[in-house]
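Novice: The structure that follows is given in the form of structure tokens.
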């Protein structure tokens, strides 16, 4: 059967947020009740569900997964509960559903907040009475399944709006665990980066482990990672294959940013990708401690240094970000050249 997770993949981390979350998973794994995992996209909800299953008493039975966002309501009902031959057009034979496939084990329902109301009714009956009927049949089938749900939606709000049955939410929320986003796991960013880089180097047949420059590390650790671990993996693998085994200095966060974008159509701030722009903010200085010339000198120096750092020392991009012509930028650069921290 499709989407039967037979072997666990291990989540990796060493930050306090990660360790605390793993302890929460271990604690609830032994309690045979439904669990809801709430987290942002790419944060590792499926890995957390797998850990719950393999730490539970059901670990020898199958763990079956279904993404509820990928199917229409009629197809979703058939996937969950199965169907009899002739139940609908194209149903040529009896088909087992996910609940039957997971009997004795765990059913992982991803994007649980997107399940249509009519399907929620049948799920609620399974949770309460452990019985259901296949589509096109009136014969009850008994199952023993632990449900783990995952979502990035506000489920109580969906219940208030009538999009999620309150009774079902109550039954499934024996425990609600929040998967920590990567931005709250700062200590794990380079730990995971080196893990993904090592695997990619092996895949590419590189003999030595890749290394990252201080500037690349700073950019990786300063980024907000809206796509979490999945995004980090893509960014690291992309940087590694482009480095061709050399020291990794350049990090490209947005693969959709065209190199042919017209400069005249963009403001200076927009000429630098958003994640870089966030790192280049005007410095805050205490005017009470410096004279006006000293303050201006300090603002110039810090702005110059940060713009260069954020654009990987591409002077043309740094000039555009600061709203200067290239000649104006070069004059400013020469003025502060001895003070600007040079790297690589």
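Novice: Report, by residue number, each residue of the stretch 168-210 that is more than 23 Å from residue 26 (Cβ to Cβ), part of a loop (DSSP other than H, G, I, E, B) and either at pLDDT 95 or above or over 24 Å from the mean Cα position of the chain (by Cα) (or both).
Specialist: Matches in the stretch 168-210: 205, 206, 207, 208, 209.
Novice: Kindly indicate whether residue 332 is in a helix (DSSP H, G or I), touching a helix residue (DSSP H, G or I) at 6+ places or on another chain (Cβ under 8 Å), at pLDDT 75 or above and closer than 18 Å to residue 218 by Cα.
Specialist: Answer is no for this residue.
Novice: Now for a different question. Among the residues of the stretch 118-139, is any in contact with a strand residue (DSSP E or B) (Cβ under 8 Å, 6 or more places away or on another chain), closer than 22 Å to residue 11 by Cβ and buried (at least 21 other Cβ atoms within 10 Å of the Cβ)?
Specialist: Checking the stretch 118-139: not a single residue is in contact with a strand residue (DSSP E or B) (Cβ under 8 Å, 6 or more places away or on another chain), closer than 22 Å to residue 11 by Cβ and buried (at least 21 other Cβ atoms within 10 Å of the Cβ).
Novice: Right, here's the next one. Give the residues of the stretch 309-328 that are under 18 Å from residue 214 (Cα atoms) and modelled with pLDDT of 80 or more, sorted by residue number.
Specialist: None - no residue of the stretch 309-328 is under 18 Å from residue 214 (Cα atoms) and modelled with pLDDT of 80 or more, so the list stays empty.
Novice: Now for a separate question. Looking only at the stretch 140-167, count how many residues are in contact with a strand residue (DSSP E or B) (Cβ under 6 Å, 6 or more places away or on another chain), farther than 10 Å from residue 99 by Cα and assigned to a loop (DSSP other than H, G, I, E, B).
Specialist: Of the residues in that region, 1 qualify.
Novice: Only one residue in 47, 80, 52 is crowded, with 21+ Cβ neighbours inside 10 Å, free of Cβ contacts under 8 Å to residues at least 60 places away in the same chain and part of a helix (DSSP H, G or I), so which one is that?
Specialist: Residue meeting the stated conditions: 80.
The values are calculated or read from the model by the stated rules, or taken from the named source; none is laboratory data. Being a predicted model, the structure only gives us computed values, none of them experimental. All Cβ positions, even for glycine, are placed from backbone atoms using ideal geometry, and neighbour counts span all protein chains on display.
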